[in-house]
Amino acid sequence: MLEIKSAILEKFGVPFEIHDVSLKDPVAGEVIVRTTAAPFCSTDWLGWKAMRNKQPPVILGHTAVGIVEHTGTGVTGVETGDRVVVAGTPQCGECFYCEIDRPDQCAALLEMPEPLVAVKQDGTEVRAAGRVGAYAEYILANQNQIWKLESDLPASQLSLLGCGITTGHGAVFNVAQVQPGQSVAVVGLGHLGQWMIQSARVAGAGTIIGLDLVPGRRALALQLGATHALDPADGDPVEQVKALTGGRGVDVALEAAGPEQAVQQAVMMSRRAGTVVLTGVQQFQAEVSLPQLALAIQGRKIIGCQNGQSVLGRDIPRCVELMESERYLAAPIVTAEYALSEVNEAMYASGELRDLSGVFTSFR
Ligand SMILES: [Zn+2]
Ligand SMILES: [Zn+2]
């Protein structure tokens, strides 16, 4: 077993502690990756606040970039020394959903408990969030969520591939299938919303409207491709969007915020027979109520979205190419770099909306 440093969620709402733990040895099909960069995801702020059904003690962090250190038996596709993405969504290749080409719903992610990957000095076993556990010097993960990278871009930027980039890209290209000239609204301009804005631009959307309460996030969206950035506090956001789209509403509304109200707004700011893509969940137990007329007679297509319905073996190389050709810009999304020992600073900067993606790049 490998002795590693990791940031462990011991109790909800209590600051993280850095622990030395023993990472288990890889069994067949598993890989140990030395972490070089891992973003603090806004999802983990919700997990920390007990809104995500996490089971402490758990190492949070569901995506990373790193170098393959060691492989268990039967591992194919990656070898020691490879630069890889460890993605938050597995593709087991064997479950019903993988068989029908919907690995975003893979049973390994959505039907199984998060794995026990490490042991604390007192003998307590520790889980890995998203089957990754990225806030640690090393990661133990199954090969079915590890993808070899062919890129020299900075690790801090590539580390966003396993979460925000593929989710935003997939929401636009796989789920909404935005067509050139279409009007698009993005509700919520956190890291995910900013990737949706960039993807909508690359897809050739015409009017691209971003909505967020935070002025800096609206300003960045305008730099990254939004044609309009609206403050929901300036008046009914649905009416503001309709005013920009001939009174009809947008062709495509993408929700990337989480609260029930954001879901309602996304639906109501789409036009009749338009497309609505829902990605956010603030609290797993939350419910949303919507006007029945908008759901049925008005013919909207409302589609749920996990990891952008990505097939990562196909979509990671596409996203890397878009990053390398600078059509996707990651530098403005990486708003800070942290050492693992600064995990609590990173968490508050995420939760208080000061960071888009704060990325751990040092793990000692
Ligand atoms: Zn994430
Ligand atoms: Zn599967």
Task: In order through the range 44-50: 3J(HN,Hα) via Karplus (6.51 cos²θ - 1.76 cosθ + 1.60), integer Hz, x for Gly, Pro - done: 6, 5, 5, x, 5, 8, 6
Open item on the list: 5 Å is the cut-off here: which amide hydrogens, built 1.01 Å from N in the peptide plane, fall below it relative to VAL276, excluding neighbours closer than 5 in sequence?
Closed with: ALA253, LYS301, ILE302, ILE303
Task: Loop-resident sites, the range 1-39, for trypsin sites (Lys or Arg not before Pro), counting at most 16 other Cβ within 10 Å (DSSP) - done: LYS11
Task: Under 5 Å, built H, 5+ apart or other chain: amide partners of ALA37 - done: VAL65
TODO: Report ³J(HN,Hα) in whole Hz for each residue of the range 245-250, in order, from the Karplus equation J = 6.51 cos²θ - 1.76 cosθ + 1.60 where θ = phi - 60°; Gly and Pro get x.
DONE: 10, x, x, 8, x, 7
Task: Positive-end residue of LEU293, ALA273, GLY210, charge dipole of the range 168-306 with Cβ unit charges - done: ALA273
Open item on the list: In Å, what Kirkwood hydrodynamic radius results for the chain from the alpha-carbon pair distances?
Closed with: 20.6
Open item on the list: Quick query: amide H of GLY225 versus all other amide H atoms, modeled in the peptide plane; which residues come in under 5 Å with a sequence gap of 5 or more or a different chain?
Closed with: none
Task: Among beta bridges that DSSP assigns inside the chain, antiparallel share in %, nearest 5 - done: 55
Task: By accessible area with a 1.4 Å probe, ligands and nucleic acids excluded, highest first: order of ARG248, ARG102 - done: ARG248, ARG102
Open item on the list: Give the separation of the Cα centroids, the range 284-317 to the range 1-47, in Å.
Closed with: 30
Open item on the list: Excluding same-chain pairs closer than 8 in sequence, count the lysine pairs in the chain whose Cα atoms lie under 29 Å apart.
Closed with: 17
- [ ] Would you kindly state how much longer the chain becomes between SER289 and GLU17 on full extension, computed as 0.36 nm times their sequence separation minus their alpha carbon distance, in nm to one decimal?
- [x] 94.0 nm
TODO: Scan the chain and hand back the longest stretch that contains none of the chymotrypsin sites (Phe, Trp or Tyr not before Pro) lying in DSSP loops with at most 13 other Cβ atoms within 10 Å.
DONE: 13-283
TODO: Counting helices only, and only those DSSP H runs with n ≥ 4, report the 222 nm mean residue ellipticity of the chain as the sum of -39,500 (n - 2.57) divided by its residues, in deg cm²/dmol to the nearest 500.
DONE: -6000 deg cm²/dmol
Task: Estimated vicinal HN-Hα couplings, Hz - the range 138-154 in sequence order (Karplus 6.51, -1.76, 1.60; Gly, Pro = x) - done: 9, 10, 10, 9, 6, 4, 6, 10, 10, 10, 5, 10, 10, 7, 9, 4, x
Task: Overall form of the range 168-306 per C-alpha gyration tensor (a/c, 1.5; a/b vs b/c) - done: rounded
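The values are calculated or read from the model by the stated rules, or taken from the named source; none is laboratory data. The model shown is predicted, which means the values in this text are computed figures rather than measured ones. Neighbour counts are summed over all protein chains in view; Cβ atoms, including those assigned to glycine, are modelled from backbone coordinates with ideal geometry. When the accessible area is computed, the model is the full protein with side chains, heavy atoms only, and any ligands, DNA or RNA have been set aside. Shrake-Rupley method; radii C 1.70, N 1.55, O 1.52, S 1.80 Å.
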